[in-house]
Structure formats: structure tokens, C-alpha cells
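Working notes, structure below.
The values are calculated or read from the model by the stated rules, or taken from the named source; none is laboratory data. Keep in mind that this is a model prediction, so the values were computed, not measured. FYI the Cβ positions are ideal-geometry reconstructions off the backbone, even for glycines, and counts take in every protein chain you see. When the accessible area is computed, the model is the full protein with side chains, heavy atoms only, and any ligands, DNA or RNA have been set aside. Shrake-Rupley method; radii C 1.70, N 1.55, O 1.52, S 1.80 Å.
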Amino acid sequence: MEIAPPSSSRFKLYDEFKLLEFSDKYVLKPVDSSHEGFAVDRRDGNIKPLDENASSGNPTKVSIIYGVGGTIRLLAGTYLLVITAREKAGSYLGFPIFRVTAMNFLPCNEALRFATAQEKKDEAYFRTLLQALEATPGLYFSYETDLTLNLQRRCKVAEGWNRKPIWKQADPRFVWNWRLLEELIECKLDGFIIPLLQGSYQVAELKLKNSPAVISLISRRCTRRLGTRMWRRGANLEGDTANFVESEQIVEINGFKFSVLQVRGSIPLLWEQIVDLSYKPRLKINKHEETPKVVQRHFHDLCQRYGEIIAVDLTDQHGDEGELSKAYATEMEKLQNVRYVSFDFHHVCGTTNFDNLGVLYEQIGDDFEKQGYFLVDADESILEEQKGVIRSNCIDCLDRTNVTQNYMAQKILNLQLQRIGVFDSTECVSLFEDDYTKFRTIWAEQGDEISLQYAGTYALKGDLVRYGKQTMAGAIKDGISAMSRYYLNNFQDGVRQDALDLISGRYTVGTNSPSQLQPIGSQPSFLPVASALLIGGVTVTSFTIHQAGRNTQQYLASALWAGVTAGVVAMIKANGRHLCSRPRLCHLI
């Protein structure tokens, strides 16, 4: 079985371009090829192949770029996405991987000057969304190989697969810019089309008992229900879930290659958690006749792709989370081919008892080990195949989920190293302090990256992954991240959700004007006033209470300001949903 044939037989993308800017067009030419390239008309965004006169004359600006991410058509024209900076993140199966560090949408919208006032206003909002997308974290790519297929799938594709254009090799579920590639594909610009993977790539070099090893951890974020933490919960009617991520741990040692997959994703019911300025908004399960079919569709898709599924639910068993978990368990009882396990992480592990995950492993360890892992030897012969995956979830599928996945990955790593004789039956990676620290670090870094993409902050409980316990510095970091999540969820994520709906194709420009859809949720003119009244009321009330012992007037003043403060609090609470940043382009489901 051929995994990585010589590079001469593989399709390879151009990796560096000159961007020539003229008054009427952009010209893109590979640095190492003067005959290839294309031009983009700055008036309407039309793409044309280069001819002899395409780059004649003096450009107003010449710069180096590192890839083309695609095009997107808005109201008044097209925007061309280019990668303006990159950094090498490591190697994936011997091929260099790069992380996008800067990108830019180039406007091709001269028609904007002929637009109506409303169209200009709407185009300005869309441009705000593009600016948000330019700062998208965790985008990875390779010029030489596809990153979206796991090792087991790569080994089972048809002969000649790796000689196809890289975009044809890719799994569309994990291509962040898939909707932006359509025009480039139509123009047959295969050498320029870069599929961007959003997720995480971490690598560590270990020396396990004098056996050099490389552990790579690559996570692939699905685009089917792309969104932010509070505005994309649960599943859609097709069974696609929010924050669905496939994580693959690859170990290369002594000529062997191991791969093991785990997946995470939101609870596959129809539910929501709308922000309303409260710290923890109420969960709401949407009653829908399609709910059983949604769950069936979700797990049917997983079984088709991964085999046997163990669904591990890490949510609390009380309160709103408990109600959601019970509804999930009820639907799972109807599925005969999926094992469902409920494990109250907070109750069993608390905030410090990472090792208590052994209680969960006692329940699922036998089935988990039977699912196995993928293994090829130095001759690229397949020795083992993975027959199923664990699908983990908590509420966000970030913090508790990452701790649990790390624990399972550690268990399977020990089995893999015992399988080829690097460890004996009594040894495990935690006995080797330096290597164990590196292993835990890549999982913690991965957790942070996935969390930044969904919640906008670093992951909570990162200390449990890095050190196996909570530290004071980690507790402070978690507190800062928790408050940052609150702010982003309430006052920023509506715009970010619109940007993701735009990039994923869930919203198509031209069908409606944003002004004709949902109102702009936040009310910046009122919220600062309300905040000032609240802070001022609390301050003056505290001061007058302190002075109240002096005379009756102070008592009356205290009561008055306390009443004003209570009124402001009640008004903010009653209008919380309207004061938050809400998406304008699409409905929640």
C-alpha cells in the first residue's frame, strides 16, 4: 500500500507569487514560472488567463503572496482572498505544513460607486464581515499534500489519487474556504487552488527509551455547521452538529506509523442557548417532530465514516444541562448500533481530579480497545485498522471534552508502544517525565486552538491537560478566559457569526439586504448609558448608605438611589437579548 510516493509523482501547488496591482486589474504570477498565472478585473472580478499584454505597463504596486484562497461575490462586485504571510508549522507525513498568519480580501468592486445609498450601507457591513474573516485563527495548508484525509483513509484511496489536483483530493467537510473556490475551479486554475483546513496542528519529538518518535496531532474542524459558541448549538435538520472536530494522533517510530481518531461535536438535538447578558443563559430544547430523524442522520453518517461509535456525554446530570442530557439519552435509547455512556465529569472529576477519568475508562475501556487503531509498518503494509471512534461531547465540546480526549489518547499511545515492543506491559508514557510533558503540551495547545475558533478564548481546564492538576496561574487564566467568553458571546459574536455564515455559503449575498432581515441586535447608544447608570447607582447607593447614620435625608437618598439602581438592573435584565450582539443574516437552525 503506497502512502507517500516520491514527490515527482505527486501534484504540487505553486508556493510563491508576485501580485502586480494595476489600475484596472490584479495580476498573479508564480515566482518560478513566467508563463503561468491569471488576471482579475478590478471592476467586476472576472478572472482571465494571462496573455502577452496582461502584465505589460508599470504596476502601481508589486508584492509577494503565498497563495490564493478564492473569491467571494458581494453586492457591488468580487473580493479576492490572498495569503500575505505564513509560517511553517511542521511536517505531516514528511510534507511541509504552513499556518496562515495574515490574509487579505482585495476589492474588485468599481461598480460600488453606482450603487444606491442602501447598497453602499449593506456593502460596508459585508466588508466588516470580510475584515473579521481576515483574522480567522487556525488555518493550515500544504502545497504538496492534502491535509483533510486521515491516514487510514489516505491508504484506502484509489491508485493515482495523489496525482489529482489537491482540491480534488480533499474532503469538502474540512475545507474552510470550499465555497470560495468555485470560480477558480471553473477557470481550471488547479495549480493555484489551496484548500485551507481550520483546526490545529501540533507536533512533538520524543525519545522513548532511546527510540526517537514523532507525535503529530492534527484536528480538522467541519464546516457544515460552522459558527460561534452561543449562536451555533446542537444540530441542524440534516444532522450536522456545531463544533464537530475530527482529531487524529499520529505516531511515527521505528519505521511504524500509528494513527488513532477521536471526534467531538455538540449534542445532536435541536437546542439553543441565546445570550441575554446573564452569565449562563438558559438552555432551551426545541421540540420538533424531526428530532429522532436528526439524531439518526447524525449517527448514521458517523457510522458510515468511522465504524462503531461510543457516544460519551460529559454534561452535568442536574439543572439545564441535566435536562438536555436526559433528552439526549432518551433519543439514544432508540439507536441499536451506538453505545451511549453518560459521565458527569464535574461530579466525578471536579476541578482537580483528572485521574478520576479512570472511572470512565473502566466503563468503556474494553470497547475502546476493541475499536483499535491504524498501523502500517516500514514496508507500508497495513497491520491494524481502526474499527470505530469515541464521540465525546460536553456543552461546548471544548474544555471537558479536550481533557477526556487527552486521557484516551494517552491510553491508546501506551497500547501502541507495547504493541511494537518499545514498552513492556507494565510501562506507560507517564513514567518518562520529559516525553510526557511534551505529549500533554501538544494536547493542551490543540485545545486552546479549537477553543479560540469556537469561543474566542483559550480553553478552560488547560492545567488538567498540561499538568494533571489545577495551578494558581491556571485558575487565574481560566477566570480571565471565562470573563472574555462572556464579553465576546454578548457583544461581539453576532458579527462573527454573520461572517462565518457568509464564508460557509449558508448566506448568499443578493437574496436579501441585511437591513431587510433581522435587526442589528445591539443598541450601542443605550447600553453605555445603562451601564453608566448602573455603576453610578451602585457607587452612590454605597456612599449614601455609609453616610446614612447622620440624618434622615441620607436614608431617603439611599433608598432613592437603590431604587434607581434596581430599576436599571430590571430594565437591562428584561431587555438583555435585545442589547446583545445578534446575527443579522441567518436564523439559528
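For ASP366, work out the one condition from (1) open to solvent by less than 60 Å² (accessible area, probe 1.4 Å); (2) out of contact with any Phe, Trp or Tyr (no Cβ under 8 Å at 6 or more places or on another chain); (3) assigned to a helix (DSSP H, G or I); (4) modelled with pLDDT of 95 or more it doesn't fulfil.
If we test ASP366 against (1) open to solvent by less than 60 Å² (accessible area, probe 1.4 Å); (2) out of contact with any Phe, Trp or Tyr (no Cβ under 8 Å at 6 or more places or on another chain); (3) assigned to a helix (DSSP H, G or I); (4) modelled with pLDDT of 95 or more, just (1) comes out false.
Residues of segment 71-89 being over 21 Å from TYR201 (Cβ atoms), among the small types (Gly, Ala, Ser) and part of a strand (DSSP E or B), which ones?
Passing the criteria: only GLY77.
Residue check, SER63 against (1) in a loop (DSSP other than H, G, I, E, B); (2) in contact (Cβ under 8 Å) with a residue 24 or more places away in the chain; (3) surrounded by fewer than 20 Cβ atoms within 10 Å (Cβ to Cβ); (4) of a type outside the set (A, V, I, L, M), all met but one. Which one?
For SER63, the failing item is (1).
Any idea how many residues of segment 304-319 are free of Cβ contacts under 8 Å to residues at least 40 places away in the same chain, assigned to a helix (DSSP H, G or I) and either of a type in the set (D, E, K, R) or open to solvent by less than 30 Å² (accessible area, probe 1.4 Å) (or both)?
1
Suppose we filter segment 242-283 for residues that are over 23 Å from the mean Cα position of the chain (by Cα) and either without any contact (Cβ under 8 Å) to a residue 12 or more places away in the chain or closer than 23 Å to GLN202 by Cβ (or both); how many remain?
Number of matching residues: 8.
Quick one: in segment 449-476, of everything that is assigned to a helix (DSSP H, G or I) and among the hydrophobic types (A, V, I, L, M, F, W, C), which residue is surrounded by the most Cβ atoms within 10 Å (Cβ to Cβ)?
Of segment 449-476, the ones assigned to a helix (DSSP H, G or I) are 449-454, 462-466, 472-476.
Checking the rest, the ones that are also among the hydrophobic types (A, V, I, L, M, F, W, C) come to 450, 452, 464-465, 472-473, 475-476.
Numbers: ILE450: 27, LEU452: 16, LEU464: 29, VAL465: 26, MET472: 8, ALA473: 9, ALA475: 13, ILE476: 10.
Across segment 449-476, the extreme among qualifying residues is LEU464.
Of all residues in segment 99-122 being of a type in the set (D, E, K, R) and under 23 Å from LEU19 (Cβ atoms), which is surrounded by the most Cβ atoms within 10 Å (Cβ to Cβ)?
Just the residues of segment 99-122 that are of a type in the set (D, E, K, R), to begin with: 99, 110, 113, 119-122.
Filter once more, so that each one left must be under 23 Å from LEU19 (Cβ atoms): 99, 110.
Details: ARG99: 18, GLU110: 15.
Among those that are of a type in the set (D, E, K, R) and under 23 Å from LEU19 (Cβ atoms), it is ARG99.
Where the second residue is in a helix (DSSP H, G or I) and open to solvent by less than 10 Å² (accessible area, probe 1.4 Å) and the first is more than 17 Å from SER451 (Cα to Cα) and charged (D, E, K, R) and lies in segment 386-406, which pairs have Cβ atoms under 6 Å and are six or more apart or on separate chains?
Listed pairs, sorted by first residue: LYS387/GLN371.
From the set of residues in segment 369-381 that are open to solvent by 60 Å² or more (accessible area, probe 1.4 Å) and not acidic (Asp, Glu), which is farthest from the chain's Cα centre (by Cα)? Explain how you work it out, then say what you get.
Step one: of segment 369-381, the residues open to solvent by 60 Å² or more (accessible area, probe 1.4 Å) are 369-370, 378-379.
Filter once more, so that each one left must be not acidic (Asp, Glu): 370, 378.
Working: LYS370: 29, ALA378: 34 Å.
Taking the candidates together, the pick is ALA378.
Which residues, taken from segment 161-174, are in contact with a helix residue (DSSP H, G or I) (Cβ under 9 Å, 6 or more places away or on another chain) and either farther than 14 Å from LEU13 by Cβ or surrounded by fewer than 16 Cβ atoms within 10 Å (Cβ to Cβ) (or both)?
TRP161, ARG163, LYS168, ASP171, PRO172
What do you reckon, is LYS469 over 17 Å from GLN273 (Cβ atoms), in contact with a Gly (Cβ under 9 Å, 6 or more places away or on another chain) and among the basic types (Lys, Arg)?
no
What number of residues within segment 379-419 satisfy the criterion of being closer than 26 Å to VAL263 by Cβ, assigned to a loop (DSSP other than H, G, I, E, B) and of a type outside the set (D, E, K, R)?
5
Matching residues to (1) farther than 30 Å from GLY255 by Cβ; (2) surrounded by fewer than 15 Cβ atoms within 10 Å (Cβ to Cβ):
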{"position": "ILE193", "(1), (2)": "yes, no"}
{"position": "VAL203", "(1), (2)": "no, no"}
{"position": "LYS207", "(1), (2)": "no, yes"}
{"position": "LEU217", "(1), (2)": "no, no"}
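So, GLU369, is that one within 26 Å of SER216 (Cβ to Cβ), touching a helix residue (DSSP H, G or I) at 6+ places or on another chain (Cβ under 8 Å) and of a type in the set (Asp, Glu) or not?
Against the criterion (within 26 Å of SER216 (Cβ to Cβ), touching a helix residue (DSSP H, G or I) at 6+ places or on another chain (Cβ under 8 Å) and of a type in the set (Asp, Glu)), GLU369 qualifies.
Run down ASP32, ASP51, ASP24, ASP41 and say which single residue is acidic (Asp, Glu) and in contact with a strand residue (DSSP E or B) (Cβ under 6 Å, 6 or more places away or on another chain).
It is ASP41.
Scanning for something touching a Ser or Thr at 6+ places or on another chain (Cβ under 9 Å), crowded, with 16+ Cβ neighbours inside 10 Å, within 16 Å of ARG584 (Cβ to Cβ) and not charged (D, E, K, R), does segment 131-151 turn up at least one residue?
Within segment 131-151 (the criterion being touching a Ser or Thr at 6+ places or on another chain (Cβ under 9 Å), crowded, with 16+ Cβ neighbours inside 10 Å, within 16 Å of ARG584 (Cβ to Cβ) and not charged (D, E, K, R)), the answer is no, since none of the residues qualifies.
Residue check, GLY505 against (1) under 26 Å from VAL100 (Cα atoms); (2) open to solvent by 10 Å² or more (accessible area, probe 1.4 Å); (3) not in a loop (DSSP other than H, G, I, E, B), all met but one. Which one?
(3)
Looking at TYR125, is it in contact (Cβ under 8 Å) with a residue 60 or more places away in the chain and farther than 30 Å from VAL376 by Cβ?
Answer is yes for this residue.
Give me a count of the residues in segment 129-154 that are touching a helix residue (DSSP H, G or I) at 6+ places or on another chain (Cβ under 7 Å) and within 27 Å of THR457 (Cα to Cα).
Count: 6.
Which count do you get for residues in segment 418-448 that are within 19 Å of ASN356 (Cβ to Cβ), open to solvent by 30 Å² or more (accessible area, probe 1.4 Å) and either small (Gly, Ala, Ser) or touching a residue at least 60 places away in the same chain (Cβ under 8 Å) (or both)?
Result for segment 418-448: 1.
Tell me whether segment 136-144 contains one or more residues that are in a loop (DSSP other than H, G, I, E, B), among the hydroxyl-bearing types (Ser, Thr, Tyr) and under 20 Å from GLU248 (Cα atoms). So that I can check it myself, show each step before the final result.
First, the residues of segment 136-144 that are in a loop (DSSP other than H, G, I, E, B): 136-138, 142-144.
Checking which are among the hydroxyl-bearing types (Ser, Thr, Tyr) leaves us with 136, 142-143.
From the residues that got through so far, the ones that are under 20 Å from GLU248 (Cα atoms) too are 142.
Looking through segment 136-144, at least one residue is in a loop (DSSP other than H, G, I, E, B), among the hydroxyl-bearing types (Ser, Thr, Tyr) and under 20 Å from GLU248 (Cα atoms).
Return the pairs, sorted by first residue and then second, in which the second residue is of a type in the set (D, E, K, R) and open to solvent by less than 20 Å² (accessible area, probe 1.4 Å), the first residue lies in segment 466-494 and is more than 13 Å from THR228 (Cβ to Cβ), the beta carbons are less than 7 Å apart, and the residues are 6+ apart or on different chains.
LYS469/ASP463; GLN470/ASP463; THR471/ASP463; GLY474/ASP463
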